[in-house]
1. At most 14 other Cβ atoms within 10 Å plus a DSSP loop assignment makes a site exposed; report the longest stretch of the chain without any exposed trypsin sites (Lys or Arg not before Pro).
2. Per residue, how many Å² of accessible area does region 163-217 show with a 1.4 Å probe?
3. Within the chain, how many Lys pairs sit with Cα atoms under 25 Å apart, leaving out pairs fewer than 8 places apart on the same chain?
4. If you filter region 11-97 for GluC sites (Glu not before Pro), then keep DSSP loop positions with at most 11 other Cβ within 10 Å, what is left?
5. Does region 81-216 come out rounded, prolate or oblate, given a ≥ b ≥ c as the square roots of the eigenvalues of its C-alpha gyration tensor, rounded meaning a/c under 1.5 and, failing that, prolate meaning a/b above b/c?
6. For region 179-294, what does the relative contact order come out to in percent, with C-alpha contacts under 8 Å and a separation of six or more?
7. Rg and Dmax in Å for region 107-176, alpha carbons only: what are they?
8. Report the relative contact order of region 34-127, percent, no decimals, based on alpha-carbon pairs under 8 angstrom and at least 6 residues apart.
Amino acid sequence: MIESWNPEQLEAFERDGFLVVEEGFIEPKAIELLRERFDRLFAADYETGIRPDEVNWVAGRDPEDRTRQICNGWKADNAIATQVLSERSGRLAAELMAWDGVRLLQDNVIWKPPGTKSLGMHQDGSYLDYLVPPAMITCWIALDDTSAEAGTITYAAGSHRWPRSPENRGEFHAPSDWLAPVKRAVPAEKQLRLVPIEVKAGGASFHHHLTFHGSGPNTAAVHRRACISHLIQADAEFHPVNVDPTYSRYRRVADTALDESFFPIVWTCDGGRSAWVDAELPEHVGGVLAEGGH
């Protein structure tokens, strides 16, 4: 179980804008529990009674060939919350960015059944203008063995050093050409190098907010599920002017602070962590996920 990065791993992240853990980032019993909770979430069976902030696929409403996506499943399910608020994941993410601490901006619950279409290439940083600073690191955890054919996450190596692209919400879900945004963004002096992330279930990757990433169609006969934490600096705040259409609803009047009820602190170098996280999450869930969590 990884507890810290070695110099070679830190160098790889700095060079490529992402880092891969091929297997064993979380334990098999955690994978099994999270898969079960994916089933419940996408059936709108919300353990806490709270609907996630974004439910971008609903059975009977949306085409079967669309990637299933939920944002902030942690608010609806305690097992998802325990994983995406993992203190260990937060500490490892902060180490890669040389930050003193991180908090959760949002999670992503992604499910690509066989036959689902692609998710367009993008930079997360294109959508962070509503934060100060507009920076983030993502922890992506595979709940199934992944392959290029099954539509795994794919990175453009070194693209975190390219200019930031403008916001583009029209080429994300099932675009006609999922690679078009990154092809347009390649600087004249650079070459595009795409890296599909092929890991075992329980493997993981971390990526910088300016690293282009997306996923092709799932042309295999297997499912591809991932549990994702988007982490920002612990002392980040709302921008005083810029807004996000979904998450700026949590901004208080005349106050740019991020409320820990909605953006909990996961880890800080002086031992900080939102007190409610460990106090409120059920012990039986924490016990199952503990080896990959705290």
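1. Of all site-free stretches, the longest is 62-168.
2. 52 Å²
3. 8
4. Glu64
5. In terms of gyration-tensor shape, oblate.
6. 12 percent
7. Computed over the Cα atoms of region 107-176, radius of gyration and Dmax are 13.6, 39 Å.
8. 30 percent
The values are calculated or read from the model by the stated rules, or taken from the named source; none is laboratory data. From a predicted model like this one, the values you see are computed outputs, not experimental measurements. As a convention, Cβ positions derive from the backbone with ideal geometry for all residues, glycine included, and neighbour counts pool all protein chains shown. Just so you know, the surface numbers come from the protein's heavy atoms only, side chains and all, with ligands and any DNA or RNA stripped out. Shrake-Rupley method; radii C 1.70, N 1.55, O 1.52, S 1.80 Å.
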